[in-house]
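K.L.:
Submitted below is the structure of interest, expressed as structure tokens.
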Amino acid sequence: MTYAVPAATGKESKMHDDEALTPGFMVIHGNHLEALRELALTWMRRYPLHPLENEVLLVQSNGIAQWLKQALAEDRAGIAAAVQVELPARFLWQTYRNVLGSASIARQSPLDKAPLTWRLMRLLPGLLDEPCFAPLRRFLADDQDLRKRHQLAERLADLFDQYQVYRANWLQDWAAGRDQLHTSRQGIRPLDADSRWQAALWRALLADVGSAELAASRAGVHPRFIAQLAALQERPAGLPRRVLVFGISSLPAQMVEALAALSRFSQVLLCVHNPCQHYWGDIVADKDLLRHAYRRQLQRPASGVGHPLLAAWGKQGRDYINLLDRYDEPDAYRAHFSACGQRIDLFSAGDCSHLLGQLQDDILNLRSLAESRAQWPAVCPDTDHSLRFHLAHSAQREVEILHDQLLARFAADPSLRPRDIIVMLPDIDSYAASIQAVFGQYERHDPRYIPFTLADQQARGQEPLLIALEHLLRLPDSRLGVSEVLDLLDVPALRARFAIAEADLATLQRWIRGAGIRWGLDARRRAERGLPEGLEQNTWRFGLRRMLLGYAVGQ
């Protein structure tokens, strides 16, 4: 779908280009995502880009992206387009290529996680004899099928991938032969004896990659990118005039540094979800991490230890807000927002008539537990259901409880719509089958039907062929239950390979049930799983023998 933002003309257009789209680094804080979203929409509406120019939005997940697109569609007669939604890492790499030239920067870094995994698979055996690799040598002992080596390579590739983003100074030291760590609390300290293999492995990787390819990795590209932007006098082709960062709870220092450098030529607007309107770095145990005088938020008069939930769960957000403050100059753009009736600190109290609202208000105002008890009346669990916990014995039961609770909420509040609800979970792929089974069991005309979509799934969790391949690769270690095998036959491509029609599935199920097949290939495979020898009853071999004998004997 597409929409055209009404183009400004004449003097108004000049104001939009010269004033609203002046390059700069602007940070908007707020404790409500809805208020941040409204400001972003108002900003885009008041100062539109050119008709064929895309808005570039950096988001943390596809769920947030869909939520923003829905708001844009509501704002523009049900249609939203000309919006380029990107994940930060992908956007940053493409920006590297735009600034430094696509010819000199590969589409994928040689030290990215995927190629690095296979490089480590190849390198590890030749390194294990060195004394510092003793911990890895012990781990990889008795690794006949190379499964341990692949798991280790995959984990190490992910670790080094994160180091390149969050701990680039460690890697620089290791590459120079300095086995040390830069820490915020203890300064520079040497690597522990059991961890020195990490530095040695990084040096081995760099030697294997070679200097030419190393220059094209993130560790080599980022400093060149920062230096190039500092030296340029005009905006390079391909850079967006405006970048809006929304709903991201934390960004690595490398990404924030790149956005700040980009703000010389582009308008960078960060909408930051900040739960507290006061400076709250002091409420955590390691407050000496913050070594510069915080400029943006005011310190609250001393009142104890602050809110314990913010202290326990807010460390990453605290560090991110502190990082932004190093680049933020609010006085440079505060007046510009005031001129169009907007604030840059969108903190506001919500509905405090229930427990959830009171908890949010305590965090907003940095109250301690003692202050909270004095502020609010005792909670009545029979009437206040704003914050609830449910215990379930399985993922399937969790989803069933969720479905029941949503139906109850829809019945209690007719104004509530499915599009107003987002369900957050740590691993969507592990719940996808249960969600499809519970939410997909009702037809649209059924009053229990709730429309839903799944976001942020990996391709292997959506493509039937990839799911089937994963099942096939796991068959040697599986119990070979009847349901596992029949699930494979639900994939049309697999049925076609063995000339099995969909109508034949019911016949196969009847034969398997009649032959008494339950699980296990044969008695030997059952014995490998710890069962006594000779238990072939109800295995696949047992059932196939019964069917063949029945066929041979006849009626």
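The values are calculated or read from the model by the stated rules, or taken from the named source; none is laboratory data. The structure presented is a predicted model; accordingly, all values stated were derived computationally and were not measured. Quick reminder, even Gly has a Cβ in these numbers, built from the backbone with ideal geometry, and neighbours come from all protein chains shown. Remember, those area values only see protein heavy atoms, side chains included, never the ligands or the DNA or RNA. Shrake-Rupley method; radii C 1.70, N 1.55, O 1.52, S 1.80 Å.
K.L.:
Could you count how many residues in the stretch 536-555 are outside any helix (DSSP H, G or I) and surrounded by 15 or more Cβ atoms within 10 Å (Cβ to Cβ)?
P.N.:
Filtering the stretch 536-555 down to residues outside any helix (DSSP H, G or I) leaves 536-539, 554-555.
Checking the rest, the ones that are also surrounded by 15 or more Cβ atoms within 10 Å (Cβ to Cβ) come to 536, 538-539.
Total meeting the criteria: 3.
A quick yes/no check of all residues on (1) part of a helix (DSSP H, G or I); (2) out of contact with any His (no Cβ under 9 Å at 6 or more places or on another chain); (3) of a type in the set (Asp, Glu):
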{"position": "445", "(1), (2), (3)": "no, yes, no"}
{"position": "467", "(1), (2), (3)": "yes, yes, no"}
{"position": "486", "(1), (2), (3)": "yes, yes, no"}
{"position": "502", "(1), (2), (3)": "no, yes, yes"}
{"position": "508", "(1), (2), (3)": "yes, yes, no"}
{"position": "513", "(1), (2), (3)": "yes, yes, no"}
{"position": "521", "(1), (2), (3)": "no, yes, no"}
{"position": "530", "(1), (2), (3)": "no, yes, no"}
{"position": "533", "(1), (2), (3)": "no, yes, yes"}
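K.L.:
Follow-up. Can you pull out every residue in the stretch 434-471 that is among the hydrophobic types (A, V, I, L, M, F, W, C), surrounded by 13 or more Cβ atoms within 10 Å (Cβ to Cβ), closer than 19 Å to residue 488 by Cβ and modelled with pLDDT of 85 or more? Spell out how you get there, then give the answer.
P.N.:
The first filter runs over the stretch 434-471 and keeps only residues among the hydrophobic types (A, V, I, L, M, F, W, C), leaving 435, 437-439, 450, 452, 454-455, 459, 465-469.
From the residues that got through so far, the ones that are surrounded by 13 or more Cβ atoms within 10 Å (Cβ to Cβ) too are 435, 438-439, 450, 452, 454-455, 466-469.
From what's left, closer than 19 Å to residue 488 by Cβ: 466-469.
Across the stretch 434-471, the qualifying residue is only 469.
K.L.:
Is there any pair linking a residue in the stretch 181-200 that is over 13 Å from residue 170 (Cα atoms) and touching a residue at least 60 places away in the same chain (Cβ under 8 Å) to one that is open to solvent by less than 30 Å² (accessible area, probe 1.4 Å) and of a type outside the set (D, E, K, R), with Cβ under 7 Å and at least six apart or on different chains, and which?
P.N.:
If the second residue must be open to solvent by less than 30 Å² (accessible area, probe 1.4 Å) and of a type outside the set (D, E, K, R), the pairs left are 197/133; 197/136.
K.L.:
Okay, moving on. How many residues, within the stretch 35-75, are out of contact with any helix residue (DSSP H, G or I) (no Cβ under 7 Å at 6 or more places or on another chain), more than 21 Å from residue 88 (Cβ to Cβ) and acidic (Asp, Glu)?
P.N.:
Here the count works out to 2.
K.L.:
Specify which of the listed residues (357, 350) is out of contact with any Lys or Arg (no Cβ under 9 Å at 6 or more places or on another chain), open to solvent by less than 80 Å² (accessible area, probe 1.4 Å), at negative phi and at pLDDT 90 or above. Give the steps one after another, and end with the answer.
P.N.:
Details: 350 fails: at pLDDT 90 or above.
On inspection, the qualifying residue turns out to be 357.
K.L.:
Then there is this: For residue 430, state whether it is exposed (fewer than 13 other Cβ atoms within 10 Å of the Cβ) and outside any helix (DSSP H, G or I).
P.N.:
Values: exposed (fewer than 13 other Cβ atoms within 10 Å of the Cβ): yes; outside any helix (DSSP H, G or I): no.
No; evaluated as a whole, the condition is false for this residue.
K.L.:
Next up: Being closer than 30 Å to residue 454 by Cβ, free of Cβ contacts under 8 Å to residues at least 40 places away in the same chain and more than 24 Å from the chain's Cα centre (by Cα) is the filter; apply it to the stretch 42-77 and report the residue that is least open to solvent (accessible area, probe 1.4 Å).
P.N.:
Among them, the one singled out is 75.
K.L.:
Quick one: which of 219, 212, 293 is modelled with pLDDT under 70, open to solvent by 30 Å² or more (accessible area, probe 1.4 Å) and either assigned to a helix (DSSP H, G or I) or not small (Gly, Ala, Ser) (or both)? So that I can check it myself, show each step before the final result.
P.N.:
Working: 219 fails: modelled with pLDDT under 70; 293 fails: either assigned to a helix (DSSP H, G or I) or not small (Gly, Ala, Ser) (or both).
Going through 219, 212, 293 in turn, the sole match is 212.
K.L.:
Taking interchain pairs and intrachain pairs at least six residues apart, which have beta carbon atoms under 8 angstrom, with the first residue in the stretch 91-109 and closer than 16 Å to residue 237 by Cα and the second part of a helix (DSSP H, G or I) and among the aliphatic types (A, V, I, L, M)?
P.N.:
Between residues of the stretch 91-109 that are closer than 16 Å to residue 237 by Cα and residues that are part of a helix (DSSP H, G or I) and among the aliphatic types (A, V, I, L, M), the close pairs are 92/255; 92/258; 95/258; 95/262; 96/221; 99/229; 100/221; 105/221.
K.L.:
Between a first residue in the stretch 508-530 that is of a type in the set (Val, Ile, Thr) and a second residue that is at pLDDT below 90 and open to solvent by less than 50 Å² (accessible area, probe 1.4 Å), which pairs have beta carbons less than 8 Å apart while being 6 or more apart in sequence or on different chains?
P.N.:
What qualifies is 512/482; 512/486; 517/482.
K.L.:
Could you list, ordered by first residue, the pairs with Cβ atoms under 6 Å in which the first is in the stretch 379-398 and surrounded by 13 or more Cβ atoms within 10 Å (Cβ to Cβ) and the second is assigned to a loop (DSSP other than H, G, I, E, B), at least 6 apart or interchain?
P.N.:
What qualifies is 384/354; 386/354; 398/392.
K.L.:
Taking the stretch 148-202 on its own, how many of its residues are surrounded by 17 or more Cβ atoms within 10 Å (Cβ to Cβ), assigned to a loop (DSSP other than H, G, I, E, B) and among the hydrophobic types (A, V, I, L, M, F, W, C)?
P.N.:
Number satisfying all stated conditions: 1.
K.L.:
I'd like to know if the stretch 276-290 contains one or more residues that are modelled with pLDDT of 90 or more, farther than 23 Å from residue 38 by Cα and of a type in the set (D, E, K, R).
P.N.:
No, every residue in the stretch 276-290 fails to be modelled with pLDDT of 90 or more, farther than 23 Å from residue 38 by Cα and of a type in the set (D, E, K, R).
K.L.:
Applying the selection to the stretch 68-88, what residues are more than 15 Å from residue 419 (Cα to Cα) and polar (S, T, N, Q)?
P.N.:
84
K.L.:
Also, I was wondering about something else. Out of the residues in the stretch 441-461 that are in contact (Cβ under 8 Å) with a residue 12 or more places away in the chain and not hydrophobic (A, V, I, L, M, F, W, C), state the one that is farthest from residue 66 (Cα to Cα).
P.N.:
Residues of the stretch 441-461 that are in contact (Cβ under 8 Å) with a residue 12 or more places away in the chain, as a first pass: 448, 450-458, 460-461.
Retained after the next criterion (residues that are not hydrophobic (A, V, I, L, M, F, W, C)): 448, 451, 453, 456-458, 460-461.
On the way: 448: 24, 451: 15, 453: 10, 456: 11, 457: 14, 458: 17, 460: 22, 461: 20 Å.
The residue in question is 448.
K.L.:
Since residue 410 meets every condition but one in (1) at pLDDT below 85; (2) surrounded by 14 or more Cβ atoms within 10 Å (Cβ to Cβ), which condition does it not meet?
P.N.:
(1)
K.L.:
Within the stretch 86-132, track down each residue that is β-branched (Val, Ile, Thr) and either closer than 29 Å to residue 196 by Cα or open to solvent by 30 Å² or more (accessible area, probe 1.4 Å) (or both).
P.N.:
In the first step, residues of the stretch 86-132 are kept if they are β-branched (Val, Ile, Thr); the result is 95, 99, 105, 117.
117 - this is the single residue of the stretch 86-132 that is β-branched (Val, Ile, Thr) and either closer than 29 Å to residue 196 by Cα or open to solvent by 30 Å² or more (accessible area, probe 1.4 Å) (or both).
K.L.:
I'd like the full set of residues that are part of a loop (DSSP other than H, G, I, E, B) and closer than 15 Å to residue 38 by Cβ, limited to the stretch 340-375. Give the steps one after another, and end with the answer.
P.N.:
Here is the first cut: in the stretch 340-375, the residues part of a loop (DSSP other than H, G, I, E, B) are 340-344, 347-354, 365-368.
Result: 340, 341, 342, 343, 344, 347, 348, 350.
K.L.:
Would you check if residue 521 is touching a Lys or Arg at 6+ places or on another chain (Cβ under 7 Å) and open to solvent by 50 Å² or more (accessible area, probe 1.4 Å)? Steps first, answer last, please.
P.N.:
On the way: touching a Lys or Arg at 6+ places or on another chain (Cβ under 7 Å): yes; open to solvent by 50 Å² or more (accessible area, probe 1.4 Å): yes.
Yes.
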